[in-house]
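The values are calculated or read from the model by the stated rules, or taken from the named source; none is laboratory data. The model shown is predicted, which means the values in this text are computed figures rather than measured ones. Here the Cβ is made from the backbone with ideal geometry for all residues, glycine too, and neighbour counts use every protein chain on show. The accessibility values were calculated without ligands, DNA or RNA, using every heavy atom of the protein model including side chains. Shrake-Rupley method; radii C 1.70, N 1.55, O 1.52, S 1.80 Å.
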Amino acid sequence: MTYLVGKDLPATPAGQRFKEMMHRKGIMQIPGAHNGQAALQARDCGFGALYLSGAAMTASMGLPDLGIITIDEVCFFIRQVVRATGLPVLVDGDTGYGETLNVMNMVRAFEEAGAAAVHIEDQVLPKKCGHLNDKKLVSPQEMAQKVAAAARARRDMVVIARTDAAGSEGLDGAVARARLYYEAGADAIFPEALISEEMFREFARRLPDVPLLANMTEFGRSPYFTASEFESMGYSMVIWPVSSLRAANRAQADLFATIARTGGTHAMLDRMQTREELYRTLRYYDYETLDAGIVATVLPHIGQPDRNAA
């Protein structure tokens, strides 16, 4: 399957597919994929939806997650992940890139780029990663207005409201905000940076009629739980937002350190994706067969240098 063949593309809008998955029995597992290659690898492991993290997108650009990137830059990532996989993608919409009209513009831009769902948060700019300290929040009413605007702007897109209130307003404040956002038009709620199993369970207990998203980020404030554990606590979805980028970045750091130390890459070959594995992941030969005039690529024999390598 390639995105170039129209009949291979999904006929159902991405938002509808995401919503159907969200309401199925069992928890929806949504790994972060920071680019098209990571997205393809996740799909090949059987995942049916993907997540685009603002932290991962900015980090891959060499920038901190402080609301710096623009809507158009995010749309570039959306298009490549959707084009590569055809899967429904949940996108981090930060604070909505401004006020009410800006939020509506973001929703239209993301949906036109192919996004299935978006979450927006109740922080003020400059926003911070949800697991850092000293986050500033907008009023509950202002955030509810943004949620209502997002719901009005979308066609099929799922709107998820994130609240960062647990750290500053306690569980009572976070639950009250979540209920207000849900009533304003959110399809689901994302309580960020809960710090214990008891908090996760109590939040879900107080909102039994609301689909909930859990964030399983590494090195943050939340304990580590598996998807099945989150499901038992009452959550409908779980994301691993930056995991693919963290693993890729560590591997790259090891590679560059090896080259600097040894002057070559031989010691890293067993940790590299081979050319055949890369081509298989990219569906390279599917693209070749679309044009009978393209000469089939012949891979070099093992142990022989590839003199045509880029």
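Order CYS45, CYS75 by their accessible area, 1.4 angstrom probe, all chains in place, largest first.
Greatest to least solvent exposure: CYS45, CYS75.
222 nm [θ] for the chain, helices only, -39500 (n - 2.57) per DSSP H run of 4+, per residue, to 500? Before the final figure, lay out each step's value.
Details: 12 runs with 138 residues, N = 310.
Roughly -13500 deg cm²/dmol at 222 nm, from the helical runs in the chain.
Per residue of region 25-39, in order, report the coupling 6.51 cos²θ - 1.76 cosθ + 1.60 (Karplus, θ = phi - 60°) as ³J(HN,Hα) in whole Hz, putting x for Gly and Pro.
Once θ is set to phi - 60°, the couplings for region 25-39 become 5, x, 7, 8, 9, 10, x, x, 10, 7, 7, x, 5, 4, 4 Hz.
Using the alpha-carbon atoms, what tilt in degrees (0 to 90, nearest 10) does helix 197-206 show relative to the longest principal axis of the chain?
60 degrees
I'd like the Karplus ³J(HN,Hα) series for region 93-98: coefficients 6.51, -1.76, 1.60, θ = phi - 60°, whole numbers in Hz, and an x wherever there's a Gly or Pro.
x, 6, 8, x, 6, x
Please give the charge dipole size of region 120-269, origin at the Cα centre, charges +1 on K and R Cβ atoms and -1 on D and E Cβ atoms. Round to the nearest 20 debye. Mind dumping the intermediate values first?
Working: 18 positive and 19 negative charges, 103 e Å.
Charge dipole, region 120-269, about its Cα centre: 500 debye, nearest 20.
Once fully extended, how much extra length lies between GLU73 and ARG275, figured as 0.36 nm per residue of separation less the alpha-carbon to alpha-carbon distance? Before the final figure, lay out each step's value.
Working: separation 202, 0.36 × 202 = 72.72 nm, distance 2.94 nm.
The span from GLU73 to ARG275 would gain 69.8 nm if fully extended.
Taking Cα centroids, how far is region 44-91 from region 98-115 in Å?
15 Å
Heavy-atom accessible area per residue, the chain, 1.4 Å probe: how many Å²? Don't skip to the answer; put the middle values down first.
Values: 15380 Å² over 310 residues.
Accessible surface, normalised per residue, equals 50 Å².
Return the aspartates and glutamates within reach of LYS25: Cα separation strictly under 19 angstrom, same-chain partners fewer than 8 residues apart disregarded; answer none if there are no such residues.
Here the aspartates and glutamates satisfying the reach criterion relative to LYS25 are ASP187, ASP209, GLU229, GLU231.
Which angle between 0 and 90 degrees, to the nearest 10, do you get for helix 166-184 versus the longest principal axis of the chain when only C-alpha atoms count?
So the helix axis and the longest Cα principal axis differ by about 90 degrees.
Positive end of the charge dipole of the chain (Lys, Arg +1 and Asp, Glu -1 on Cβ, about the Cα centre): tell me which of ALA296, SER243, SER228 has its Cα farthest that way.
Among ALA296, SER243, SER228, the one farthest towards the positive end of the dipole of the chain is ALA296.
What FRET efficiency, computed as 1/(1 + (r/R0)^6) with R0 = 41 Å and r the Cβ-Cβ distance, is obtained for LEU255 and ARG283, rounded to the nearest 0.05? Show your work: numbers first, answer last.
Values: r = 25 Å, r/R0 = 0.62.
The calculated FRET efficiency here is 0.95.
Could you look at region 37-99 and say what percent of its accessible area is carbon and sulfur, using a 1.4 Å probe and all protein chains?
Carbon-and-sulfur percentage of accessible area, whole number: 59.
Given +1 on the Cβ of Lys and Arg, -1 on the Cβ of Asp and Glu, and no further charges, what dipole in debye does region 148-191 carry about its Cα centre, rounded to the nearest 20?
Details: 6 positive and 6 negative charges, 45 e Å.
Result for region 148-191 is approximately 220 debye, rounded to the nearest 20.
Taking the Cα centre of each part, how many Å lie between region 17-37 and region 161-216?
19 Å
If I model a spin label at HIS23 and SER168 as a point 7 Å from the Cα along the Cα→Cβ vector, what separation in nanometres do I get?
Roughly 3.5 nm, to one decimal.
What is the set of long-range amide H partners of GLN123 at a cut-off below 5 Å, with H atoms built 1.01 Å from backbone N?
The list, which skips near neighbours in sequence, is VAL138.
Given R₀ = 35 Å, FRET efficiency for MET268-LEU63 by Cβ-Cβ distance, to 0.05?
Values: r = 27 Å, r/R0 = 0.78.
Given R0 = 35 Å and the Cβ-Cβ separation, E is 0.80.
How do PHE77, PHE47 stack up against each other in accessible area, from largest to smallest, with a 1.4 angstrom probe?
Details: PHE77 15, PHE47 65 Å².
From most accessible down to least: PHE47, PHE77.
Relative to the longest principal axis of the C-alpha atoms of the chain, give the angle of the C-alpha long axis of helix 140-153, reported between 0 and 90° and rounded to the nearest 10°.
Orientation of helix 140-153: about 50 degrees from the principal axis.
Provide the per-residue ³J(HN,Hα) series for region 44-51, in order, calculated from phi with Karplus coefficients 6.51, -1.76, 1.60 and θ = phi - 60°, each as a whole number of Hz, with x at glycine and proline positions.
Per residue, the Karplus-derived 3J(HN,Hα) values read 5, 8, x, 6, x, 8, 9, 10 Hz.
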